[in-house]
Amino acid sequence: MMRNLVLGLEVVTADGTVLSMMNRMLKNNAGFDLKQLFIGSEGTLGVVTRAVLKLEPRLPFRQTALVALNGFEKLPRLLNRLKQDLGAGLSSFEVMWGDYYQAVTTGNKPPLARDYPFYLLVECENRDENAARFITVMEQVFDAGLIVDAVVAKSGAERAALWAIRDNFDPVLAKKPVYLYDVSLPIKDMATYVDQVKARLKQDFPAAQCLVFGHVGDGNLHLFVIPGGTEAPTTRHLSDLAVYHPLRAFSGSVSAEHGIGREKKDWLHYSRSAAEIALMRLLETTMDPKNILNPGVVIDV
């Protein structure tokens, strides 16, 4: 996560003070870690003018596989198994619901059959080439019943083709209107949550589709909601009833990585308590009493 890669910041506050926190140490527990106050505040507490980032070397060897699963309940077990067998080299664990896979492979010859309920893109990065080890692990999880089919990329071109399935969602966006959501919740609750979203959508919009993929290793889902029919619903209708309301039961977040901005602030209280929001408002009014920094973003003051 980007937050974990920021070592230091320089920030200009609302009164013109240049606050220098250009730390270059990996560990620094000398008082408050003030840079974290500004990360994620979306410019409401100060303007970031410089940053110190922790960089990691790009590892030269990658092994990539697309696998199919016959049940979401296998995913947490598979994630733990891959973490154990592949270690820190496991760099991607991207899950696609079956209807998303079908939508983005329409008209193409997909590498795996299109009738599985879940697909997973797994990638491992290493300093030394060890393709045999990666294939062995894939065979072991297949023998253990955690996956039911798999294809392993044998070249850079094949790897790019597998990632294109996950990344190229232009066919989904072509079905106007499309509403995009970015939520997070515990992995164990994801399948139940998505089922509830789809059921509520079908109740109000019989032709609706909800296509889902996510960085499940990070607990993050992206939902493409296509209501269908001739009458487009309002964002509030979809968000209140179908997407954000069910999320509350799982103590999830209405924004995993894309922020709150103006669009999501009406639902901030679904993921933050009244006390937390009150403290956010106190911080903003204290640091920006004239409300000149990104007014109306995240919270109203």
Completion exercise
Checked V183, V212, V197 against criteria (in contact (Cβ under 8 Å) with a residue 24 or more places away in the chain, of a type in the set (V, I, T), part of a helix (DSSP H, G or I) and surrounded by 14 or more Cβ atoms within 10 Å (Cβ to Cβ)); the one match is V197
Practice task
Please work out if K27 is over 29 Å from A164 (Cα atoms), surrounded by 19 or more Cβ atoms within 10 Å (Cβ to Cβ) and not assigned by TED's automatic domain parsing to the domain that holds A113.
Solution key: no
Exercise for the section: Provide a single number: the residues in region 187-213 that are more than 24 Å from P171 (Cβ to Cβ) and touching a strand residue (DSSP E or B) at 6+ places or on another chain (Cβ under 7 Å). Expected result: 0
Exercise for the section: State yes or no: is A242 part of a helix (DSSP H, G or I), among the small types (G, A, S), touching a residue at least 40 places away in the same chain (Cβ under 8 Å) and on the phi < 0 side of the Ramachandran plot? Expected result: yes
Completion exercise
If we ask which residues in region 254-301 are acidic (D, E), in a loop (DSSP other than H, G, I, E, B) and surrounded by fewer than 17 Cβ atoms within 10 Å (Cβ to Cβ), their number turns out to be 3
Exercise for the section: Test K175 against the criterion of being outside the structural domain of V95 (by TED's automatic domain parsing), assigned to a loop (DSSP other than H, G, I, E, B) and under 14 Å from D99 (Cβ atoms), and give yes or no. Expected result: yes
Handout entry: Filter pass, A164 being of a type in the set (G, A, S), closer than 30 Å to A242 by Cα and without any contact (Cβ under 8 Å) to a residue 12 or more places away in the chain
Key = yes
Completion exercise
S41 passes all but one of the listed conditions (1) crowded, with 16+ Cβ neighbours inside 10 Å; (2) under 29 Å from V122 (Cβ atoms); the exception is number (2)
Problem - Checking A103 against (1) under 27 Å from G252 (Cα atoms); (2) of a type in the set (A, V, I, L, M, F, W, C); (3) in contact with a Gly (Cβ under 6 Å, 6 or more places away or on another chain), the condition it does not meet - result: (3)
Practice task
Report, by residue number, each residue of region 152-184 that is of a type in the set (A, V, I, L, M, F, W, C) and farther than 18 Å from L120 by Cβ.
Solution key: A157, V172, L173, A174, V178, L180, V183
Problem - Search result, residues across region 117-133 that are under 19 Å from A161 (Cα atoms) and more than 22 Å from the chain's Cα centre (by Cα) - result: A131
Exercise for the section: Determine whether V18 is surrounded by 14 or more Cβ atoms within 10 Å (Cβ to Cβ) and either of a type in the set (V, I, T) or within 20 Å of the chain's Cα centre (by Cα) (or both). Expected result: no
Handout entry: Residue check, A174 over 13 Å from L247 (Cα atoms) and either among the hydroxyl-bearing types (S, T, Y) or at pLDDT 90 or above (or both)
Key = no
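The values are calculated or read from the model by the stated rules, or taken from the named source; none is laboratory data. Please read all numbers here as calculations on a predicted model, not as lab measurements. Positions of Cβ are backbone-derived with ideal geometry, glycine not excepted, and every protein chain shown enters the neighbour counts.
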